[in-house]
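The values are calculated or read from the model by the stated rules, or taken from the named source; none is laboratory data. Model, not experiment: these values are computed from the prediction. Virtual Cβ from ideal backbone geometry, glycine too; neighbours counted across all protein chains shown. To get the accessible areas, we keep the full protein, side chains included, count just its heavy atoms, and leave off ligands, DNA and RNA. Shrake-Rupley method; radii C 1.70, N 1.55, O 1.52, S 1.80 Å.
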Amino acid sequence: MGSTGSIGQQTLAVMAEQTDLFVYALTAHSQVDQLISQCEAVAPHVAVVSDPSQYAALAEGLKMRGLKTEARAGREALRSVAEADEVSHVMAAIVGGSGLEPTYAAAAAGKTVLLANKESLVMSGELFLSSIERTGGEVIPVDSEHNAIFQCLGNSRAVGSTVAKLLLTGSGGPFLERPMDSFDSITPAEACLHPNWSMGRKISVDSATMMNKGLELIEACFLFGVPSAKIDIVIHPQSVVHSMVAFEDGSVLAQMGQPDMRTPIASALAWPERMTSGVSPLDFVSGLQLSFRAPDHDRFPLLDLCRQVAAGGQSVKVALNAANEVAVDAFLQERIRFTDIERIVKTTVDAMAIEELPSIEAVLSFDSRCRLEAQRQMTKCF
Ligand code: NDP
Ligand code: MG
């Protein structure tokens, strides 16, 4: 799901190296031409565009190229492929809260969910994981930090009593050294220019504000069942150590590699085995330098907010995520400044009353109200 995106394309690149993996369905939002080209390459049974207005273009395009792939469109169609009996594994690589419903549907259908779409877990953590438990499904982290911790725990999400800390590393993004008095003039192009990783635009902006690390903190609390106090964030500009686990006896295990998402994708696809990914191993003897430091909380105030939110209930997490998506989208459209993102997220989280969210429907309804509130907060930026 999300095959035309950064993670989606890299997943297909890894799968192209394998002969025993088959694609049942590919999904995109509206990039029909790219989706059709992918269908030509892997011949899935079904192709879905979630934007219904693109249905005719998809159906006609597939037909014109003589492909047997069935075209479907809309949210229900997304759900239908996530739940299909033919499917064992679902790569959840849609960006943002739009991924929640289909990713949750895969969990509720007992699939092995390869989770890149961290926003869905932030929005629905306990509901999502109890659904996985109920149905006998699995969730395997694709996010590189969580995949690293998963590997350091012995291909497991179980954090035993011998674990002292989870150490979540982050590069610090493109503005680690930029003078803070110039943050107001940061452009979308500058924010999307990540020093180490090539990613979609939304997560690139999240990396620039370090909201990404904050979302990952919450993601890690859910995935590994630990309180946020058990997780430290460490800045590591080279992105070679993807995260670490510190044990009580003083041992620290790190997972290392090139900053290339094909490695965690291959690790998740092959779990509990391994497969080739096309990524070359690290070269340790040609000047590799590794450095680590504490995060600068004045420079990246969203980190503190995320820590507070991590200790709160589900509705605060939904508000945090929704406000961030609205603000990042507005920043990418050059409607607000880079520094407004933090203000909109904080004021929206403060404005929303805490609610119990006992179902995915309740989460989605609260999410819509948070987005409206974030839009309202945004009008104060002008
Ligand atoms: P991209 O923006 O590159 O791709 C997003 C994908 O989702 C595209 O296939 C897009 O379709 C589809 N999509 C967009 N909007 C919708 C919608 N409303 N309904 C259904 N599908 C939609 O994102 P990334 O690949 O960078 O990120 C995907 C997820 O993975 C995010 O949650 C991100 O946080 C996470 N992640 C990404 C990493 C990376 O390196 N990129 C690293 C770790 C995690 P279309 O192309 O048609 O618009
Ligand atoms: Mg990550």
| note | Scanning the range 19-58 for residues that are open to solvent by less than 30 Å² (accessible area, probe 1.4 Å) and small (Gly, Ala, Ser), the one farthest from ligand 2 (Cβ to nearest atom) turns out to be Ala47
| request: Kindly provide the set of residues from the range 351-382 that are exposed (fewer than 13 other Cβ atoms within 10 Å of the Cβ) and within 20 Å of Pro301 (Cβ to Cβ), ordered by number. | output: Lys380
| said: Scan the range 179-198 and tell me whether some residue there is within 14 Å of ligand 2 (Cβ to nearest atom), crowded, with 16+ Cβ neighbours inside 10 Å and modelled with pLDDT of 95 or more. | reply: no
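For the range 50-64, give me each residue that is in a helix (DSSP H, G or I) and without any contact (Cβ under 8 Å) to a residue 24 or more places away in the chain.
Filtering the range 50-64 down to residues in a helix (DSSP H, G or I) leaves 52-64.
If the condition is that a residue be in a helix (DSSP H, G or I) and without any contact (Cβ under 8 Å) to a residue 24 or more places away in the chain, then Pro52, Ser53, Tyr55, Ala56, Ala59, Glu60, Lys63, Met64 are the ones that fit.
Please go through the range 145-156 and pick out each residue that is open to solvent by 50 Å² or more (accessible area, probe 1.4 Å) and in contact (Cβ under 8 Å) with a residue 60 or more places away in the chain.
Quick first cut of the range 145-156, residues open to solvent by 50 Å² or more (accessible area, probe 1.4 Å) only: 154-155.
Matches in the range 145-156: Asn155 only.
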| field | The listed residue being under 27 Å from Pro237 (Cα atoms), among the β-branched types (Val, Ile, Thr), more than 16 Å from ligand 1 (Cβ to nearest atom) and open to solvent by less than 10 Å² (accessible area, probe 1.4 Å), out of Val142, Val163, Val159 | value | Val163
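Given the options Ser80, Ser88, name the one that is within 25 Å of the chain's Cα centre (by Cα), in the same structural domain as Ile132 (by TED's automatic domain parsing), away from ligand 1 (no atom under 16 Å from the Cβ) and modelled with pLDDT of 95 or more.
Details: Ser80 fails: away from ligand 1 (no atom under 16 Å from the Cβ).
Residue meeting the stated conditions: Ser88.
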| remark: Looking across the range 145-155 at residues that are touching a helix residue (DSSP H, G or I) at 6+ places or on another chain (Cβ under 7 Å) and not hydrophobic (A, V, I, L, M, F, W, C), the single one that is farthest from ligand 1 (Cβ to nearest atom) is Gln151
| field | Hits in the range 119-139 - residues which are open to solvent by less than 10 Å² (accessible area, probe 1.4 Å) and within 16 Å of ligand 2 (Cβ to nearest atom) | value | Ser120, Leu121, Val122, Val139
| said: Among the residues of the range 188-233, what is the count of those that are under 19 Å from Ala330 (Cβ atoms), away from ligand 1 (no atom under 12 Å from the Cβ) and free of Cβ contacts under 8 Å to residues at least 60 places away in the same chain? | reply: 2
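Answer with yes or no whether Val245 is open to solvent by 10 Å² or more (accessible area, probe 1.4 Å), touching a residue at least 40 places away in the same chain (Cβ under 8 Å), more than 13 Å from ligand 1 (Cβ to nearest atom) and not assigned by TED's automatic domain parsing to the domain that holds Ala107. Steps first, please.
Numbers: open to solvent by 10 Å² or more (accessible area, probe 1.4 Å): no; touching a residue at least 40 places away in the same chain (Cβ under 8 Å): yes; more than 13 Å from ligand 1 (Cβ to nearest atom): yes; not assigned by TED's automatic domain parsing to the domain that holds Ala107: yes.
When the stated conditions are applied, Val245 does not pass them.
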| said: Go through the range 254-292 and report how many residues are of a type in the set (Val, Ile, Thr), open to solvent by 30 Å² or more (accessible area, probe 1.4 Å) and closer than 24 Å to Val90 by Cβ. | reply: 3
| message | Within the range 279-381, considering only helices (runs of 4 or more DSSP H) that don't extend past its boundaries, which have at least 2 residues that are of a type in the set (S, T, N, Q)? | response | 314-332, 338-351, 360-378
| request: Scan the range 276-295 for residues that are without any contact (Cβ under 8 Å) to a residue 40 or more places away in the chain and within 23 Å of the chain's Cα centre (by Cα) and report the count. | output: 1
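For Leu166, state whether it is assigned by TED's automatic domain parsing to the domain that holds Ala294 and touching a residue at least 60 places away in the same chain (Cβ under 8 Å).
Working: assigned by TED's automatic domain parsing to the domain that holds Ala294: yes; touching a residue at least 60 places away in the same chain (Cβ under 8 Å): yes.
Against the criterion (assigned by TED's automatic domain parsing to the domain that holds Ala294 and touching a residue at least 60 places away in the same chain (Cβ under 8 Å)), Leu166 qualifies.
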